[in-house]
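Bear in mind that the values in this text are calculations on the coordinates, not laboratory data. This is a predicted model, so every value here is computed, not measured. Cβ placement follows ideal geometry from the backbone for every residue including glycine, while neighbour counts extend to all protein chains displayed.
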Amino acid sequence: MTSRGREAQGVASLSRQVERLRDRPSLDLSVVLCTWNGERWIRPFLQSLGDQRRLPDELVVQDDASDDGTVEVIRSMAGSMPFDVRVEVNPERVGSTANFALALERSRGRFVALADQDDVWYPEKLSRLADEFERDPILTLVFSDADLIGEDGRPLDHGLWDTRRVGGTLRRRPIVSEELAATTALTTGCTVMVRHRVIEAALPFPAELDHPVAPMRHDRWLTLIAAAVGTVEAVPERLLGFRVHSSQETGVLVGAELPRALALGISSNVLAGDGRRADGLRARSEQLRVAAERAELLGDFGEAATLRRIAGDFVRRARIDEHGRGRFRLFLEGLRDRSYRLDGWGIGAAITDSLRSILPRSANTGIDSGGGTRG
Amino acid sequence: MAEPTRVLMMNDSMNVGGAERVAVDIANSLDRDRFEVTFCSTRQGGPLVDTLADDVDHVSLDRSATWDLRKILTLRRLVRERRIDLIHSHGRGTMKFVALARATGAVRAPHVFHDHFGWLHVNRSAPRGLREALQRGVDTYLGVDQRLCDWAVTAAGLPADRVHLMRSGVDLDRFTDVTPVDLRDEFGLPEESIVVVMVANFRPQKDHPTLFRALSTLTEPERSRCSIVVVGSTTADPEYFAGCTAMAADLGVDDMLTIAGSRDDLPEVLGGADAGIVTSKNETGPLVVLEFMASSLPFVATDTGEITRQVSGTGVGWTPAPRDAHEVGEALREMLRTPPEERRAIGRRGRAAVESTFDQRIVTAAIEDVYASTLRSVRAGGVGNSP
């Protein structure tokens with residue numbers, strides 16, 4: 001596209017953005033719940049929602065074409081819930097991220113909490129997170145830690161953050177930097193509450209999120225946008241029971257599974273087939289570029305520049321895989337330009353890239369990355 | 001008569017800024033029968049040196065870093081020569097410098113630290129170096145925002161009884177009986193338009209884009225009734241300024257804007273305005289809200305900072321959510337709809353609120369009490385950490 005074309009598109013997008021401002025939240029607090037074949041879990045979740053100390057004004061349900069009794073259970077309980085329940089069923093399955101986009105579009109609250117069908121919320125969850133927003137108007141997204149619970153609802157004696165290896169960082173630095181949000185999956189949707197204007201900036205979800213190698217889920221996208229156009233805060237309390245079970249779409253690994261999966265993830269990252277890994281890095285780069293455009297539209301020029309810089313870092317890392325010669329030089333350039341953060345993730349990426357830049361290319365081909373770490 | 005307490009007021013520099021202005025106002029207004037003041041900039045001087053009272057001596061240390069040991073010796077000499085009884089530092093850089101001077105034994109005077117940190121929206125961590133400087137090098141912590149006080153207790157680990165909220169004040173004399181600038185005449189603005197002044201250097205934190213987006217939500221008749229004059233440096237961040245002007249043009253609101261640049265006659269400029277506006281992303285004050293009220297102006301100010309929080313809902317202005325163009329637009333619209341006599345009444349209420357709560361003399365009296373209690377505690381070997 002020519003620069004004039006881009007400019008024209010920018011103005012058009014800006015107008016759309018301003019236009020969207022006219023459709024404003026009319027309620028205080030919404031909960032958006034996406035469901036799919038969750039008949040087994042939905043009842044305890046809805047009960048925990050009804051027991052909240054601060055009740056929502058509405059529950060927006062978006063069912064992704066369940067073929068079990070999920071919707072019937074919800075409709076049967078809706079009349080007894082102390083708030084408005086609005087159920088919509090997709091004619092065909094669209095997937096979790098697209099389903100959340102539909103649900104978020106329908107939400108009308110100033111604050112919007114995201115919910116999964118299989119969790120159990122503690123009574124103070126909504127009030128605790130909403131209080132953070134009331135207390136500090138600069139916050140755009142807040143999220144908490146969670147207890148892991150088993151299929152039977154019993155605690156597994158693990159916390160979500162620590163299992164995902166983000167607990168130390170989030171407790172030390174409760175304000176999530178834009179860089180961290182851009183490079184690391186930190187949030188899990190059901191722990192998140194977001195201010196409506198972040199939804200306005202995040203929607204529509206760009207097509208770039210739906211990438212076969214490096215998809216970006218709705219929670220990560222919202223966090224990225226919220227950090228780029230505002231302030232994201234981690235609340236260290238565990239405000240819900242996060243159910244771990246075999247049929248969930250995004251889960252966590254506990255006990256002996258975790259170190260095994262981490263080792264597999266690291267080794268598969270180092271040895272992954274060139275094309276696949278480079279594709280993933282380029283996809284991430286594109287996702288960040290779209291986020292940068294959204295930030296720029298709202299006038300967050302510095303934040304947009306930061307996202308573009310990190311997107312460029314991802315491209316350079318992809319080129320380490322793609323280049324025949326000079327790969328180690330590319331890695332050194334990355335070090336020089338401080339492309340790797342001085343934390344566990346950054347150091348891990350640097351080690352991976354350094355190894356991949358010196359491994360013979362023949363060793364880098366044909367080895368599928370297999371299943372990496374989830375989330 | 002008892003000997004006056006000798007106070008060393010310290011900050012980084014004397015460039016124009018909110019924290020610097022507060023430090024100067026306190027230095028100028030301490031009771032001269034009880035206090036003697038020396039002002040020390042640990043890095044360099046600046047234009048605000050000229051605004052210090054005649055009896056306040058200014059010294060510049062020109063330090064290059066917190067660990068500038070040579071300058072610590074200079075500070076030691078200054079404190080000894082002037083027989084300083086108490087140090088009042090502003091800004092975290094200078095606080096750490098003073099804390100280090102105390103840790104090395106170069107300085108023993110009790111230390112009151114006045115925290116104006118305005119980056120809570122991106123950083124609420126308390127790294128070890130900062131925690132230790134606060135815990136071991138500061139006797140009394142003054143936060144200009146309740147969120148800072150909360151941070152000092154929960155993140156930095158200071159005992160709650162050493163932490164005090166100290167809202168900023170304004171020197172009312174600067175805004176009394178001024179000769180207003182005729183802004184319509186100076187900038188060629190329509191006679192019938194409502195002139196709204198935004199006081200904000202072109203820096204990202206001031207979030208001009210939210211104002212522009214808010215203006216774009218106004219209807220054509222509303223736009224024609226409103227002229228925005230933006231006062232503030234355009235050179236502080238040239239890229240940001242360029243982005244702002246391009247955005248204003250894209251949104252078609254540039255014809256409503258007059259960029260006036262930096263002005264050294266702010267009280268007179270505000271005297272010639274009909275209203276004020278500030279749309280910052282995050283502030284701990286902001287002082288400009290007090291300046292609007294001192295100038296008897298109704299205002300729109302995003303709900304961020306201790307001062308805005310205090311006056312929110314008291315009928316002196318509109319306080320929409322920060323970064324929310326729709327809410328800012330709504331507030332502007334409501335202000336434009338307000339009849340002139342009602343706007344003037346709002347302005348008068350603001351002036352009365354400043355006189356009763358935010359007059360610098362009231363704030364300074366509270367600070368004098370803090371000095372007295374700090375000195376008492378330190379002498380009694382109580383809560384203070386002074387050697």
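Electrostatic tally near B:Arg323: other residues with Cβ closer than 10 Å to its Cβ, Lys and Arg +1, Asp and Glu -1, net 0. Note on B:Arg70 and B:Arg82: the model spin-label points, each 7 Å out from Cα along the C-beta direction, lie 2.2 nm apart.
By how many degrees, 0 to 90 and rounded to 10, does the Cα axis of helix B:128-137 deviate from the longest principal axis of chain B? Tilt relative to chain B: about 60 degrees.
Among A:Val89, B:Val289, what is the fewest-to-most ranking by other Cβ atoms within 10 Å? Kindly include the intermediate steps, with their values, before the conclusion.
Numbers: A:Val89 14, B:Val289 32.
Least crowded to most crowded, the residues run A:Val89, B:Val289.
In this simple spin-label approximation, B:Arg344 and B:Val49 carry label points 7 Å from Cα along the Cα→Cβ vector, and these lie 4.4 nm apart.
Proximity of backbone amide H atoms, modeled 1.01 Å from N, is registered between A:Thr231 and A:Thr140, A:Leu141 at under 5 Å, excluding neighbours fewer than 5 places apart on the same chain. Sorting A:Met81, B:Met95 by the number of Cβ atoms found within 10 Å of their own Cβ, with the fewest placed first, yields A:Met81, B:Met95.
Summing +1 for each Lys or Arg and -1 for each Asp or Glu, what net charge is found among the other residues whose Cβ lies under 13 Å from the Cβ of B:Val378? Present the calculation step by step, with values, prior to reporting the outcome.
Numbers: positive: B:Arg102, B:Arg108, B:Arg162, B:Arg376, B:Arg379; negative: B:Asp85, B:Asp139.
Net charge in that neighbourhood comes out at +3.
A Cβ-based charge dipole, computed about the Cα centre of region B:198-355 with Lys and Arg at +1 and Asp and Glu at -1, lands at about 300 debye.
Distant-in-sequence amide contacts of B:Ile277, defined by a placed amide H-H separation under 5 Å and a gap of 5 or more residues or a different chain, comprise B:Val197, B:Met198, B:Val199, B:Val300.
Were the residues from B:Ala242 through B:Asp369 laid out at 0.36 nm apart, the gain over their Cα-Cα distance would be 41.1 nm. Taking a straight Cα-Cα cut-off under 28 Å and skipping sequence neighbours fewer than 8 places away in the same chain, the lysines within cross-link reach of B:Lys281 are A:Lys125, B:Lys96, B:Lys206. R0 = 56 Å: FRET efficiency of A:Asp337 with B:Glu186, Cβ-based, nearest 0.05? Here the calculated transfer efficiency is 0.75. The stretch between B:Asp254 and B:Arg174 holds 25.6 nm of extra length on full extension. This uses 0.36 nm per residue minus the Cα-Cα distance.
Using helices alone, what [θ] at 222 nm do you get for chain B, with -39,500 (n - 2.57) per DSSP H run of 4 or more residues, divided over all residues and rounded to the nearest 500?
On the way: 15 runs with 155 residues, N = 387.
Estimated from H runs of four or more residues: -12000 deg cm²/dmol.
Which ordering of A:Trp36, A:Trp345, A:Trp121 is given by a fewest-first count of other beta-carbon atoms within 10 Å?
Working: A:Trp36 20, A:Trp345 15, A:Trp121 24.
Placing the least packed residue first, the sequence is A:Trp345, A:Trp36, A:Trp121.
Remark: region B:330-339, residue by residue, has Karplus-estimated 3J(HN,Hα) of 4, 4, 4, 4, 5, 5, 5, 6, 5, x Hz, where x stands for each Gly or Pro and the curve is 6.51 cos²θ - 1.76 cosθ + 1.60 at θ = phi - 60°. For A:Leu27, the amide hydrogen comes within under 5 Å of the amide hydrogens of A:Gly109, A:Arg110, counting only partners 5 or more places away or on other chains and with H modelled in the peptide plane.
Within the set of other residues whose C-beta is less than 10 Å from the C-beta of B:Thr74, count the net charge using Lys and Arg as +1 and Asp and Glu as -1.
Working: positive: B:Arg63, B:Arg70, B:Lys71, B:Arg76, B:Arg77; negative: B:Asp62, B:Asp68.
My count for the surroundings of B:Thr74 gives +3.
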